[in-house]
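Participant: Take this structure first; my questions come after.
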Amino acid sequence: MRKTCLDLVYQLAQADERVIFVGSDLGVGTLDELKAEFPERFLMEGVSEAHVVGMAAGLAMSGYVPYVNTIASFITRRCLEQLILDVCLEQLPVRLIGNGAGLVYAPLGPTHQATDDLAHLRAMPEMTILAPADAEEMRQLMPQTLDHAGPIYIRLAKGYDPIVTSEATERAVLGRGRWLNASSGEALAITTGVTAGMALDAAKILSDKGIKLSVLHLPTVKPLDEEMILAAARGAQAVVTIEEHSVIGGLGSAVAELLLEAGVTPRFRRLGLPDAFADGYGSQRALLAKLGLSAASVADAVQKLFAHRRMKVV
Amino acid sequence: MTVRLDNRSRALRRMVLDGLKQARRGHLGAALSLVEILRALYDDVLRYRPDDPLWADRDRLILSKGHGCLALYALLVDKGYFDRSELGGFCALDGTLGGHPERKKVPGVEATTGSLGHGLSIGVGMALAAQLRQRDYRVFVVVGDGECNEGAVWEAALSAAKHGLNNLTVIIDYNKQQSYGSTTEVCDLEPFPEKWQSFGWDALSCDGHDVTALSQLLAGAVGERPRALICHTVKGAGIAEAEHNPAWHHKNKISDEQLLALYQELGDLHA
């Protein structure tokens, strides 16, 4: 997904001279092709995220469409105020590409884990937040970022993540949700980012137990596709949200707010990371499982919602 | 000792007072120290078109110490960007002139500032854009001395030097007073010119109330490096009680009598 994203920045730069790439201090070789072909539109500015985002704002005010790239935790936390005041308040077309969101950098510890980025950025007026599930979805969404008005945060997963959106019935459209499997299940999983794959795996587990789990995937967390979510939730008896992010302030919070205010109240549970710093390292997948996020735990949570519902009916 | 001002500087300061009339509050001391800096820029240095504020080839002036905005508003009125009566809406519920300047609301304001340490990075982006597109507009960023406590200022300073942005000038309103007290007490900046030089900038110093000197230095030929002009100023310049007085950094609860006295001190005998 990361490679696809950057490859597409290169393609966009080839097609449109407004596109300029701004890195902080990325890995050696990053976007060498773009650098070779358009050296004046390849900037590597050093470990200075606050400055980099402010500078990108100045470039955007001068007609450029900057694609700014660094590690997700840094591009959201270190320059929080620049994002709000220099970029969002000015409604500038700055693109923020955050590498390794969620627990991708599990072995590197809490300094590198972006588990609160959605909460921070959701509260910023004008900000659009993308969290694609895989490279294919990224490929469909990136061209739509070029002429989008206002800033966009692009939340990247690990890279070489499995393709999970190939069964989707529609192409990915910025601002819209998509069904990744049949839309008529009695249980509904609402996902963003790589949790789409987790939900599809959970659907297989639940299918063996006689529960149909539909997966509504939101590659755009903000603005929320409210119409699609409400329509889907109205037809479901149980709803779970799944995100590689704190349960506070991210997708689950957004969906809960929407449902409750609309008077749509299925059995509901937010699945995400607990409100605690991760204790432990290991691989992303292993740490996620340790913290309660896996296909098995999703399936278990859905089953429990159903058990609760049945008990209530009895 | 009170800073000596000519008629034009006093007239501009009276426009600053216009902003206080309605709001009865404002960063008066911080505005009064930079009137001559802005006057020199707008009278003698900047290239701009008040009837076309977004003219592509205009020079850019960013007031990074946004709390000094009353002085900027006065110059923008003076040059015809908007009517003097707008100053009566300073900080008002439906006013366009806020206690810090907003780019999308006020014609002539190039960046929304108020949180310190943002303007120089934005200015680096603008100056870099000019360099990349071979445009000849210049970028001027006015920062406060206390603002230079912010690390982002120095990140931007490194970046400007790296790109050789000789179209960028930072102007430091060095009035040596920040909110709590003197800059030496809160967080000393000295040796200040040497800091800028060591970051790869040309650094000059001058009296920040000497309009002739300011104009000559600011309009002078650019070198090969970005340039810092350290302007020695007096906080609250022009009003005896406010000069060097941190209590006037942000002044509020100004009475009718006080306001009248301020207008008279600034030469308005009909106030």
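The values are calculated or read from the model by the stated rules, or taken from the named source; none is laboratory data. Just so it is clear, the model here is predicted, and its values are computed rather than measured. Because the Cβ atoms are built from the backbone with ideal geometry, glycine has one as well, and the counts that use them run over all protein chains shown. Protein only, heavy atoms only, side chains kept; ligands, DNA and RNA dropped before computing areas. Shrake-Rupley method; radii C 1.70, N 1.55, O 1.52, S 1.80 Å.
Participant: As I understand it, the dipole of the protein assembly as shown uses +1 on the Cβ of Lys and Arg and -1 on the Cβ of Asp and Glu, about the Cα centre. Which of B:Ser9, B:Pro246, A:Leu146 lies farthest toward its positive end?
Facilitator: The residue sitting farthest along the positive end of the dipole is A:Leu146.
Participant: Here's another thing I want to ask about it. On C-alpha positions alone, give me the angle between the axis of helix A:49-61 and the longest principal axis of chain A, in degrees, nearest 10.
Facilitator: Once rounded, the angle reads 70 degrees.
Participant: Could you state the angle between the C-alpha long axis of helix A:2-15 and the longest principal axis of the C-alpha atoms of chain A, as a value from 0 to 90 degrees rounded to the nearest 10?
Facilitator: Between helix and principal axis, roughly 50 degrees.
Participant: Jot down the radius of gyration and Dmax of the protein assembly as shown, Cα atoms only, both in angstrom.
Facilitator: Calculated on Cα positions, Rg and Dmax stand at 27.5, 91 Å.
Participant: May I pose another question? Assuming R0 = 30 Å, what is the FRET efficiency of A:Gln11 and A:Val47, from their Cβ-Cβ distance, to the nearest 0.05?
Facilitator: Values: r = 28 Å, r/R0 = 0.92.
Step by step, r from the Cβ atoms, then E = 0.60.
Participant: What nm distance separates the two modelled labels at B:Ser182 and A:Leu108, each placed 7 Å from Cα along Cα→Cβ?
Facilitator: Output for this residue pair reads 4.5 nm.
Participant: For a label point 7 angstrom out from the Cα of A:Arg77 toward its Cβ, which stretches of region A:146-185 have the backbone nitrogen within less than 12 Å?
Facilitator: Label zone hits: none.
Participant: A further question on this structure: To check you understand DSSP bridge types, tell me what percent of the beta bridges within chain B (both residues inside) are antiparallel, rounded to 5.
Facilitator: Numbers: 3 of 25 bridges.
Taking every DSSP beta bridge with both residues in chain B, the antiparallel ones total about 10 percent.
Participant: Name the long-range amide H neighbours of A:Met44: under 5 Å, sequence gap of 5 or more, or other chain; modelled H, no Pro or chain starts.
Facilitator: Here the answer is A:Gly23, since their amide H atoms fall under 5 Å of that of A:Met44.
Participant: Could you sort A:Asp7, A:Asp117, A:Asp208 by their accessible area in this structure, using a 1.4 Å probe and putting the largest first? Can you show the working numbers first?
Facilitator: Values: A:Asp7 50, A:Asp117 0, A:Asp208 135 Å².
From most accessible down to least: A:Asp208, A:Asp7, A:Asp117.
Participant: Let me make sure I get this right: for chain B, a, b and c are the square roots of the gyration tensor eigenvalues over alpha carbons, sorted descending. Under 1.5 in a/c it's rounded, otherwise prolate if a/b > b/c, else oblate. Which is it?
Facilitator: Verdict is prolate for chain B.
Participant: Still on this structure: Of A:Lys35/A:Lys158; A:Lys3/B:Lys105; A:Lys158/B:Lys65, which pairs sit farther than 31 Å apart, going by alpha carbon to alpha carbon? Show your work: numbers first, answer last.
Facilitator: Values: A:Lys35/A:Lys158 23 Å; A:Lys3/B:Lys105 40 Å; A:Lys158/B:Lys65 41 Å.
Result: A:Lys3/B:Lys105; A:Lys158/B:Lys65 exceed 31 Å.
Participant: A follow-up question, please. Give me the dipole magnitude in Debye, nearest 20, for region A:178-313 about the Cα centre, with unit charges on the beta carbon: positive for Lys and Arg, negative for Asp and Glu. Walk me through the numbers before you get to the answer.
Facilitator: Details: 15 positive and 13 negative charges, 108 e Å.
Value, rounded to 20: 520 debye.
Participant: Given axes a ≥ b ≥ c from the Cα gyration tensor, I'd like to know whether region A:188-314 is rounded (a/c under 1.5), prolate (a/b larger than b/c) or oblate. Spell out each step's value before the answer.
Facilitator: Working: a/c = 1.64, a/b = 1.19, b/c = 1.37.
Judged from the Cα gyration tensor, region A:188-314 comes out oblate (a/c at least 1.5, b/c at or above a/b).
Participant: What are the residues whose amide H is under 5 Å from the amide H of B:Ala228, where those residues sit 5 or more places off or on another chain and H is modelled from the backbone?
Facilitator: Here B:Val170, B:Asp202, B:Ala203, B:Leu204 satisfy the definition.
Participant: Ranked by accessible surface with a 1.4 Å probe, highest first, in what order do B:Asp94, A:Asp279, B:Asp59, B:Asp6 come? Intermediate values should be presented prior to the final figure.
Facilitator: Working: B:Asp94 140, A:Asp279 120, B:Asp59 20, B:Asp6 70 Å².
My answer, sorted largest first, is B:Asp94, A:Asp279, B:Asp6, B:Asp59.
Participant: Shifting gears a bit: Nearest 5 is fine: what % of DSSP beta bridges in region A:178-313 come out antiparallel, could you say? All intermediate terms of the calculation are to be shown ahead of the outcome.
Facilitator: Working: 2 of 18 bridges.
Close to 10 percent.
Participant: Here's a follow-up. Treat each spin label as a single point 7 Å out from the Cα along the C-beta direction, and report the B:Glu224 to B:Asp94 distance in nm.
Facilitator: 5.8 nm
Participant: Pop the C-beta distance of B:Asp268 and B:Thr212 into the FRET formula with R0 = 22 Å and round what comes out to the nearest 0.05. All intermediate terms of the calculation are to be shown ahead of the outcome.
Facilitator: Numbers: r = 25 Å, r/R0 = 1.14.
Between B:Asp268 and B:Thr212 the formula returns 0.30.
Participant: Need one word for region B:157-234: rounded, prolate or oblate. Basis is the Cα gyration tensor (sqrt eigenvalues a ≥ b ≥ c); a/c below 1.5 gives rounded, then a/b vs b/c decides.
Facilitator: On the way: a/c = 2.71, a/b = 1.30, b/c = 2.08.
It comes out oblate by the Cα gyration axes.
Participant: Using a 7 Å offset from the Cα along the Cα-to-Cβ direction at both B:Arg10 and A:Thr30, what is the distance between the two label points in nm, to one decimal?
Facilitator: Distance between label points: 5.8 nm.
Participant: Looking at the protein assembly as shown, what % of its DSSP beta bridges pair antiparallel, to the nearest 5?
Facilitator: Around 10 percent antiparallel, to the nearest 5.
Participant: Further question: What list of ³J(HN,Hα) values in whole Hz, one per residue of region B:39-53 in order, does the Karplus curve 6.51 cos²θ - 1.76 cosθ + 1.60 (θ = phi - 60°) give from phi, with Gly and Pro shown as x?
Facilitator: 4, 4, 4, 6, 7, 10, 10, 6, 9, 7, 9, x, 7, 9, x
Participant: For chain B, set up a Gaussian network in which alpha carbons nearer than 10 Å are linked by springs, and say which option among B:Ile171, B:Ile254, B:Ile230 fluctuates the most.
Facilitator: B:Ile254
Participant: Which residues does a label at A:Ala307 reach in region A:254-288, if reach means a backbone N under 13 Å from a point 7 Å past the Cα toward the Cβ?
Facilitator: Correct set: none at all.
Participant: So what is the 222 nm mean residue ellipticity for the protein assembly as shown from helices alone, if each DSSP H run of at least 4 adds -39500 (n - 2.57) and you divide by all residues, rounding to the nearest 500 deg cm²/dmol?
Facilitator: It lands at -10500 deg cm²/dmol.
Participant: Right, something else. Can you tell me which of A:Glu243, A:Glu49, A:Glu81 moves the most in a GNM of chain A? Springs connect C-alpha atoms under 10 Å apart.
Facilitator: A:Glu81
Participant: Turning to a different aspect of this structure: Could you name the aspartates and glutamates whose alpha carbon sits less than 12 Å from that of B:Lys162, not counting residues in the same chain fewer than 8 places away?
Facilitator: A:Glu45, B:Glu224
Participant: Another question, then. Between 0 and 90 degrees, rounded to the nearest ten: what's the tilt of helix A:195-208 against the longest Cα principal axis of chain A?
Facilitator: The helix A:195-208 is inclined about 20 degrees to chain A.
Participant: Please give the residues from region A:54-86 for which the solvent-accessible area of heavy atoms, probe 1.4 Å, is smaller by at least 20 Å² with all protein chains in place than with the chain isolated.
Facilitator: Buried on complex formation: A:Gly54, A:Met55, A:Gly58, A:Leu59, A:Met61, A:Ser62, A:Tyr64, A:Glu81, A:Gln82, A:Leu85, A:Asp86.
Participant: Same structure, new question: Between A:Gln144 and A:Ala296, take the C-beta separation as r, use R0 = 35 Å, and let me know the FRET efficiency to the nearest 0.05.
Facilitator: On the way: r = 35 Å, r/R0 = 0.99.
Efficiency computed from Cβ-Cβ geometry: 0.50.
Participant: Residue by residue through region B:137-149, what is 3J(HN,Hα) from phi via Karplus (6.51 cos²θ - 1.76 cosθ + 1.60, θ = phi - 60°)? Round to whole Hz and write x for glycine and proline.
Facilitator: So the Karplus estimates, Gly and Pro as x, are 6, 10, 10, 10, 10, 9, 10, x, 6, x, 4, 6, 6 Hz.
Participant: Give me the dipole magnitude in Debye, nearest 20, for the protein assembly as shown about the Cα centre, with unit charges on the beta carbon: positive for Lys and Arg, negative for Asp and Glu. Mind dumping the intermediate values first?
Facilitator: Working: 59 positive and 71 negative charges, 314 e Å.
Dipole size: approximately 1500 debye.
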